[in-house]
1. Percent relative contact order of the chain, based on C-alpha pairs within less than 8 angstrom and at least six residues apart?
2. Stick to the Cα atoms of the chain, pair each with every other, and give me the Kirkwood hydrodynamic radius in Å at one decimal.
3. Of the peptides 94-102, 17-25, 56-64, how do they stack up when ordered by the mean number of other Cβ atoms within 10 Å, highest first?
4. What residue among 48, 115, 66 has its Cα farthest toward the positive end of the dipole of the chain, where the charges are +1 on Lys, Arg and -1 on Asp, Glu, each on the Cβ?
5. Fully extended, how many nm does the chain gain between residue 101 and residue 53 (0.36 nm per residue separation, minus their Cα-Cα distance)?
6. Taking H placed 1.01 Å from N in the peptide plane, check which residues at least 5 places from residue 88 or on another chain put their amide H under 5 Å from its amide H.
Amino acid sequence: MTNLQKLCMGYFVALMIAASLNYIPGLTDENGLAFGIFALDIYDDALHVASAFWALIAGLWSHRAARTFLILFGLAYLGDGVFGFFTGYGYLDLGIFTNDSAGMDLSLGRVLANLPHLALGGVAAWAGLRDARRTT
């Protein structure tokens, strides 16, 4: 198993944890916000579970499948996090289409709400693109 395949296994675990946040007692506040920062709904949970299984399958399949997952997933999640800064909502859960823009905001809450997508997306895209340059 290559390092990229192992990284996909890590993404599987991380995304399954993200999908379970609403179901762990004490992690959501009285307003339904995970860690008091962001709300996750059934669409977010489904997106995280689907992404997790994509990571698992890619990681088990091959190095090339893992690299493809990391690039595509990384760019999609990174872009979603960037949209979160500009609008308050992402596009992966269709939030930018169902909500009015909350405008640009660099407050701590907005940063913390978008940081998971920026970090997961950025690391994945970097790893996949770095490897793509090395193998071509």
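1. That works out to 26 percent.
2. 15.4
3. 56-64, 17-25, 94-102
4. Selected residue: 66.
5. Additional length available on full extension: 14.2 nm.
6. 102
All of the numbers you see were taken from the coordinates with simple rules; none came from a lab. Given the structure is predicted, the values throughout are model-derived calculations rather than measurements. All Cβ positions, glycine included, derive from the backbone under ideal geometry; neighbour counts span all protein chains shown.
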